[in-house]
Amino acid sequence: AKSEGRGTWRFFEREMDAQMQARRRLELDLRRALAEQEFQLLFQPLVHVGSRRIIGFEALVRWHHPERGLISPAEFIPLAEETGLIMPLGEWVLHTACREAASWPEQVSVAVNVSAVQFRSPLLVDAVAAALRASGLPGSRLEIEVTESIMLQDNVATLAILHRLHGLGVRISMDDFGTGYSSLSYLRSFPFDKIKIDQSFVRDLDKQGDARAIVSAISGLGRSLGMSTTAEGVETQEQFEQLRADGCLEAQGYLFGRPMPARDASALLRHQRAV
Ligand code: C2E
Ligand code: CA
Ligand code: CA
Ligand code: CA
């Protein structure tokens with residue numbers, strides 16, 4: 001039994017080594033990926049619920065790994081955060097998103113995701129200002145999407161950063177609302193312009209249950225607090241009808257378009273203009 005235990009332990013050690021090596025490898029690859037231009041920014045339409053017209057796009061990053069193929073941001077963003085590479089990657093995302101958006105019609109904005117680690121960096125506000133300056137995009141056409149994780153830190157510092165972003169004319173969205181801790185007091189204490197209702201609620205909209213009550217309550221809350229509401233992950237016409245009935249103002253999801261390369265986003269906007 002004793003030797004068997006030792007064997008099991010060696011097996012775990014080998015597994016751990018393999019996992020750590022794979023991680024270390026990915027980390028080195030990530031460092032190289034920016035220089036090698038392996039990242040791509042896709043754009044997913046956001047539509048006005050009343051008219052179904054495109055009012056903006058959310059920028060979503062992709063990594064085309066030379067050997068492993070497409071790697072999801074859910075996998076490499078946490079790694080980029082741990083290694084500090086999120087800052088140069090985030091700057092690239094900001095610059096690329098603003099440069100694209102500057103070529104769109106005036107009423108169309110772009111939304112960029114900013115992780116908690118990026119948010120806490122003293123470089124963030126300057127990076128946003130630099131991206132706006134370089135692209136010529138007015139701050140009012142940029143939205144920064146943050147999650148509740150930014151509020152688990154120092155609230156005074158968080159508030160100061162949000163105010164500085166507002167000072168640039170940028171709007172701020174609370175992403176994935178309804179997941180995590182979602183304290184309602186956050187909505188009152190922090191100057192958000194928009195609430196993005198998490199797709200887990202939208203997914204269940206056309207089923208019987210509480211999802212509908214939750215979506216309609218969040219939309220009402222947004223309305224009374226002077227914030228816009230966006231439903232994420234809208235895939236079916238039924239979900240869309242429910243959202244409209246529940247007073248949600250904006251929607252995003254495969255029903256209106258998948259994340260797409262910049263040229264397809266531009267083509268979609270040209271088409272929309274023509275009709
Ligand atoms: P998120 O900000 O909540 O983005 C929405 C995710 O839902 C995206 O996944 C999008 O492709 C997906 N989605 C959109 N519509 C639908 C739908 O109708 N059905 C379903 N099932 N999914 C839909 P994606 O692109 O894999 O991104 C995952 C997460 O990675 C994002 O979640 C965001 O937190 C993070 N992320 C993506 N790009 C960036 C970035 O440039 N910077 C940072 N910091 N994080 C990013
Ligand atoms: Ca987002
Ligand atoms: Ca989200
Ligand atoms: Ca998310």
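The values are calculated or read from the model by the stated rules, or taken from the named source; none is laboratory data. Every value quoted in this text rests on a predicted model; they were computed, and no experiment measured them. Reconstructed Cβ throughout: ideal geometry from the backbone, glycine too, with neighbour counts over all protein chains shown. These area figures cover heavy atoms from the full protein model, side chains too; ligands, DNA and RNA do not enter into them. Shrake-Rupley method; radii C 1.70, N 1.55, O 1.52, S 1.80 Å.
Once the chain from residue 87 to residue 11 is taken as fully extended at 0.36 nm per residue, the excess over their C-alpha distance is 23.7 nm. Cα convex hull, the chain: 171 Å³ per residue, rounded to a whole number.
Only the Cβ atoms of Lys and Arg (+1) and of Asp and Glu (-1) were treated as charged; on that basis the dipole of the chain about its Cα centre amounts to roughly 400 debye.
In the chain, helical runs assigned H by DSSP with n ≥ 4 each contribute -39500 (n - 2.57); averaged across all residues and rounded to the nearest 500, the mean residue ellipticity at 222 nm is -16000 deg cm²/dmol.
Within the listed set 99, 258, 23, the Gaussian network model of the chain (springs between alpha-carbon atoms below 10 Å) gives the highest mean-square fluctuation for 23. Computed from backbone phi with θ = phi - 60° and the Karplus coefficients 6.51, -1.76 and 1.60, the 3J(HN,Hα) list for the stretch 153-170 is 8, 5, 5, 5, 5, 4, 4, 4, 5, 4, 5, 5, 5, 4, x, 7, x, 6 Hz; x is used for glycine and proline. What number comes out for accessible area per residue over the chain if the probe is 1.4 Å? Units Å², please. For the chain, the solvent-accessible area averages 51 Å² per residue.
The long axis of helix 2-35 is offset from the longest Cα principal axis of the chain by roughly 50 degrees. For the chain, modelled as a GNM whose springs connect Cα atoms under 10 angstrom apart, the maximal fluctuation among 260, 151, 20 occurs at 20. Shape class for the stretch 45-168: oblate, because the ratio a/c of the largest to smallest gyration tensor axis (alpha-carbon atoms, square roots of eigenvalues) is 1.5 or more and b/c is at least a/b. With a simple spin-label model that places each label point 7 Å from the Cα along the Cα-to-Cβ direction, the separation between residue 273 and residue 206 comes to 3.4 nm.
The region of the chain that goes longest without hitting one of the GluC sites (Glu not before Pro) in a DSSP loop, each with at most 13 other Cβ atoms within 10 Å, is 107-275.
The order of 8, 230 by accessible area, most exposed first and with a 1.4 Å probe, is 8, 230. The Stokes-Einstein estimate for the stretch 110-193, based on a Kirkwood radius over Cα pairs and taken at 25 °C with 0.890 mPa s viscosity, is a diffusion coefficient of 189 µm²/s. In terms of its C-alpha gyration tensor, the stretch 127-275 has an oblate overall shape, because the principal axis ratio a/c (a ≥ b ≥ c, square roots of the eigenvalues) is not below 1.5 and a/b does not outweigh b/c. Taking a sphere under 11 Å around the Cβ of residue 53 and counting the other residues whose Cβ falls inside, with K and R at +1 and D and E at -1, yields a net charge of +1. Between residue 188 and residue 31, the modelled labels are 4.9 nm apart [label points 7 Å from Cα along Cα→Cβ].
Each part reduced to its alpha carbon centroid, the stretch 83-122 and the stretch 169-200 end up 18 Å apart. Atom-type composition of the exposed protein surface of the stretch 87-193 places 55 percent of the accessible area on carbon and sulfur (1.4 angstrom probe). Ligands, DNA and RNA left out, the 1.4 Å accessible surface of the stretch 1-74 is 53% carbon and sulfur atoms. Here each label is just a point 7 Å from Cα along the line to Cβ, and for residue 263 and residue 65 those points are 2.7 nm apart.
Relative to the longest principal axis of the Cα atoms of the chain, the long axis of helix 73-83 lies at roughly 60 degrees.
Near the amide H of residue 253, within less than 5 Å, lie the amide hydrogens of 233, 234, all on another chain or at least 5 residues away, with H placed in the peptide plane. Among the trypsin sites (Lys or Arg not before Pro) in the stretch 194-240, those placed in a DSSP loop whose Cβ has at most 12 other Cβ atoms within 10 Å are 207.
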